[in-house]
């Protein structure tokens, strides 16, 4: 049974009646494959079951917790209470305030407004779990107002994230051929895989969709409108047995994303066709060209100040560490709001 449907029924028939007289919002947000609708028959092997978050006023938290002690032991044949890390079994209904929950998830309450630091230190895998999760009740609109704030970047932050994504591609796209030409086929394949992942993440930015973490990146990517055109080329690049075929397939994918980036109208258009890399027998899209165009279109003074502080290389392309999930790939960083926010200085905003 789909976990989101199960939890919706659980709230309606088991949780809400116990909270009669206690105004509340309820949702299924945060961690868990079922939050994004990606659960399957394997998911129930641990911690899967009826659950939700319940949001009440601060002075009603204890009363709500007390009322939920009367939850049944089972719901639709599934246990309501689970042991956690060797401790006693307990139900999986989180109780708290809306503001407190969002602060725990992001380190900031979106209702207070989001700064550049807030945006750059919020991993997309955390944002998607808040924006795309299910809301079961929201009488005061507190959840929806925050989710609307988190729906997407402000335009200049978006430009900066896109510019950083194209820079990542530009920094490595020539290495597919360089490694292959010296006989390092394994190295060429590894670089190809890295670039394929970066192109997939760039597709999420183009489509204005938050990317989930690696387990579900491909599943969510397949649902993007642009994926149908990109998937054959990315698959060909990953399956290719020589660097020339990898390079050709990546250039095809890069050209599609180049055209899609131009179509956004966020910057002056850039020539989309792949080209020779300097005088070498290597072809690239030239990701830095899109970085330059996007950066040139940024007018927000806080972001232009960031760009000035970060500085440029000798070729005048900026040094853009980007967002937290462009600059870091550690599970223990990206799953921790405290560590993400501590990385602000690394991103240039601390």
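A few points about this structure:
- Matching entry among 167, 143, 162 (being over 17 Å from the mean Cα position of the chain (by Cα), in the same structural domain as residue 318 (by TED's automatic domain parsing) and surrounded by 22 or more Cβ atoms within 10 Å (Cβ to Cβ)): 167
- If you go through segment 116-146 and keep only what is in a loop (DSSP other than H, G, I, E, B) and touching a residue at least 12 places away in the same chain (Cβ under 8 Å), you end up with 121, 122, 123, 132, 133, 138, 139, 140.
- Check on residue 48, closer than 25 Å to residue 336 by Cα and part of a helix (DSSP H, G or I): no
- Any hit, segment 3-26, residues being free of Cβ contacts under 8 Å to residues at least 12 places away in the same chain and under 21 Å from residue 130 (Cβ atoms): yes
- Residue count for segment 170-188 under the criterion of being part of a helix (DSSP H, G or I), surrounded by fewer than 20 Cβ atoms within 10 Å (Cβ to Cβ) and without any contact (Cβ under 8 Å) to a residue 60 or more places away in the chain: the result is 4.
- Failed item, numbered, when residue 26 is tested on (1) surrounded by 14 or more Cβ atoms within 10 Å (Cβ to Cβ); (2) part of a loop (DSSP other than H, G, I, E, B): (2)
- Checking 338, 302, 272 one by one, the residue that is out of contact with any strand residue (DSSP E or B) (no Cβ under 9 Å at 6 or more places or on another chain) and surrounded by 15 or more Cβ atoms within 10 Å (Cβ to Cβ) is 272 and no other.
- The criterion of being buried (at least 18 other Cβ atoms within 10 Å of the Cβ), at pLDDT 95 or above and assigned by TED's automatic domain parsing to the domain that holds residue 297 holds for residue 212.
- Selection of segment 256-268 for residues being touching a helix residue (DSSP H, G or I) at 6+ places or on another chain (Cβ under 9 Å), over 18 Å from residue 299 (Cβ atoms) and without any contact (Cβ under 8 Å) to a residue 60 or more places away in the chain yields 256, 257, 258, 260, 262, 263.
- The residue that is surrounded by the most Cβ atoms within 10 Å (Cβ to Cβ), counting only those in segment 104-140 that are over 14 Å from the mean Cα position of the chain (by Cα) and within 30 Å of residue 72 (Cα to Cα), is 136.
- Residue match in segment 267-287 (condition: under 30 Å from residue 245 (Cβ atoms) and in a helix (DSSP H, G or I)): yes
The values are calculated or read from the model by the stated rules, or taken from the named source; none is laboratory data. None of these values were measured; they are calculated from a predicted model. All Cβ positions, glycine included, derive from the backbone under ideal geometry; neighbour counts span all protein chains shown.
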